[in-house]
1. If B:Asp38 meets every condition in (1) surrounded by 15 or more Cβ atoms within 10 Å (Cβ to Cβ); (2) under 12 Å from the mean Cα position of the chain (by Cα) apart from one, which number is that one?
2. Could you run through segment A:397-412 and say how many residues are at pLDDT below 90 and under 22 Å from A:Leu99 (Cβ atoms)?
3. Taking the stated definitions as given, is B:Ser33 hydroxyl-bearing (Ser, Thr, Tyr), within 12 Å of chain A (Cβ to nearest Cβ) and under 18 Å from A:Thr263 (Cβ atoms)?
4. Looking at segment A:246-264, can you tell me whether even one residue there is more than 13 Å from every other protein chain (Cβ to nearest Cβ) and open to solvent by 10 Å² or more (accessible area, probe 1.4 Å)?
5. Go through segment A:345-376 and count every residue that is open to solvent by less than 20 Å² (accessible area, probe 1.4 Å) and either in contact (Cβ under 8 Å) with a residue 60 or more places away in the chain or more than 20 Å from the chain's Cα centre (by Cα) (or both).
6. On the given criteria, is A:Ile289 under 20 Å from the mean Cα position of the chain (by Cα), open to solvent by 30 Å² or more (accessible area, probe 1.4 Å) and without any contact (Cβ under 8 Å) to a residue 60 or more places away in the chain?
7. May I ask you to verify whether B:Val74 is at the interface with another protein chain (Cβ under 10 Å from one of its Cβ atoms) and either small (Gly, Ala, Ser) or open to solvent by less than 50 Å² (accessible area, probe 1.4 Å) (or both)?
8. From the residues in segment A:1-52 that are more than 19 Å from A:Leu352 (Cβ to Cβ) and among the acidic types (Asp, Glu), which one is surrounded by the most Cβ atoms within 10 Å (Cβ to Cβ)?
Amino acid sequence: MVSAGIEAINIFGGTAYLDVMQLVKHRSLDTTRFENLLMKEKAVALPYEDPVTFGVNAAKPIVDSLTEVEKNRIELLITCTESGIDFGKSLSTYIHHYLGLSRNCRLFEIKQACYSGTAGYQMALNFILSQASPGAKALVIASDISRFLAAEGGDALSEDWSYSEPSAGAGAVAVLVGENPLVLQADVGANGYYGYEVMDTCRPVPDSEAGDADLSLMSYLDCCEQTYLEYKRRVPEADYRSTFHYLAFHTPFGGMVKGAHRTMMRKIAKAKNDDIEADFNERVKPGMIYCQRVGNIMGATLLLSLASTIDNVRVDSPKRIGCFSYGSGCCSEFFSGVVMPQGLEHQRRFGLQRGLDERYRLSLDEYEAIFKGNRTVRFGTRNLKLDHEWIPGITNAFGGRLYLNEISEFHRKYVWI
Amino acid sequence: MNKEKIVEVLIHNIREVLPEMDEYSFQSEDTLSDLGADSVDRAEIINLMLEELSLRIPRVELAGVSNLGELVEVLHGKLQSA
């Protein structure tokens, strides 16, 4: 059987970010509480950034690293998002255009809350494994932007939801899937999936979201356990502690992952507290580093944690990474893959950490101004011209990035700056 | 297990997660949020309860419970039907 997996992975964690503790103090929230939730920075989409620009900016360096022949073998482009800009036309059509991909390519979008990136990745793997088009590649782009303003009115669904603002980020992850998986070779068939109907968090209206934090966390924990048990049913020799050198989690915020890992280690691996802390630092923390700097980017978060793991560990021999994905509503999956030493060399070219380090740090006034005075581009905007000089010089500081320029009769037009 | 025992286990677990509650005298109307538990703490207390009561039920079935008294009632009911 042909092998399949990740040939390259790149992230885009925003042009600008906000310091989370600064926001917490400004909102008069309990700072000690937030220290336990392990958040640091959150990426913030500027008015002229949308899920298309984020997606293109994540994928462009990967596409640029390919030869023309390789690029033309991308026959499947899946966008994965809960921040769509049109009910019919998918983000993938715009992204396909601005990446200059071959027209002999399938373009569509997948939605299932924070599980979407995993759904896209698994579908891409299956396309490669099916060998329906030998040698073809698939590009999976998960891209999400927070609409943190809670839906007004109601009680249960918006209670405690103000606490989600500090964790809500913006970002995208692009994954090139193919037969030469230097970066992560998929463990084919080693997948535990689990889904059922639950109303935990959702986006029931445009530009806003609602949720029940307790229900969502309970559902996440239930799924964390059930997906692993199903994985183990299919891979009986699997051992939660020793089979996986590293664990990547869907990371709404660090504290939630720490809690989930603690629960799993106590219940599944029968570990004691000191032991759990050491295991967390060794196997889980590498995957949280970039997540703590970007915030929750929904459908792209697990892939961000995977990229963070791959980028922040030493791999002198093949290492297995266990991945847990959860998307409200809900669907979830535990799956795994093996990262290769030679793949890391290949990955370094994308300079993921540098991209995060170079971002513009927003002041609180700038952050607040983005959401006031209709600067945010609302769903369904018909005509609009964007002002790139709103924060002077910010777009010129980075070479070769895509930004939204105007909307003309609903058609979005982008420009490379 | 009777309700008194469940209350005892619950208080023990709350103090385990929230050590500052050591001297506090719990009331059945108290909510975990009032006691200073954030969503991760609340989930941890529920986890510890399920483990110590050996209850194998989805955690989501306990998500809507509003206060300590109700939590004890629901756990007691689940134990009876387990």
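The values are calculated or read from the model by the stated rules, or taken from the named source; none is laboratory data. Keep in mind that what you see is a predicted model, and the values were worked out from it rather than measured. Cβ atoms come from the backbone with ideal geometry, glycine included; neighbour counts cover every protein chain shown. Please note that ligands, DNA and RNA were not included when accessible areas were found on the heavy atoms of the full protein model with its side chains. Shrake-Rupley method; radii C 1.70, N 1.55, O 1.52, S 1.80 Å.
1. Of everything listed in (1) surrounded by 15 or more Cβ atoms within 10 Å (Cβ to Cβ); (2) under 12 Å from the mean Cα position of the chain (by Cα), B:Asp38 misses just condition (2).
2. Residues in segment A:397-412 being at pLDDT below 90 and under 22 Å from A:Leu99 (Cβ atoms): 3 in total.
3. Against the criterion (hydroxyl-bearing (Ser, Thr, Tyr), within 12 Å of chain A (Cβ to nearest Cβ) and under 18 Å from A:Thr263 (Cβ atoms)), B:Ser33 does not qualify.
4. Looking for residues that are more than 13 Å from every other protein chain (Cβ to nearest Cβ) and open to solvent by 10 Å² or more (accessible area, probe 1.4 Å), one finds at least one in segment A:246-264, hence yes.
5. Total meeting the criteria: 7.
6. yes
7. Here the answer is no, as B:Val74 does not meet what is asked.
8. For segment A:1-52, the residue satisfying everything is A:Asp50.
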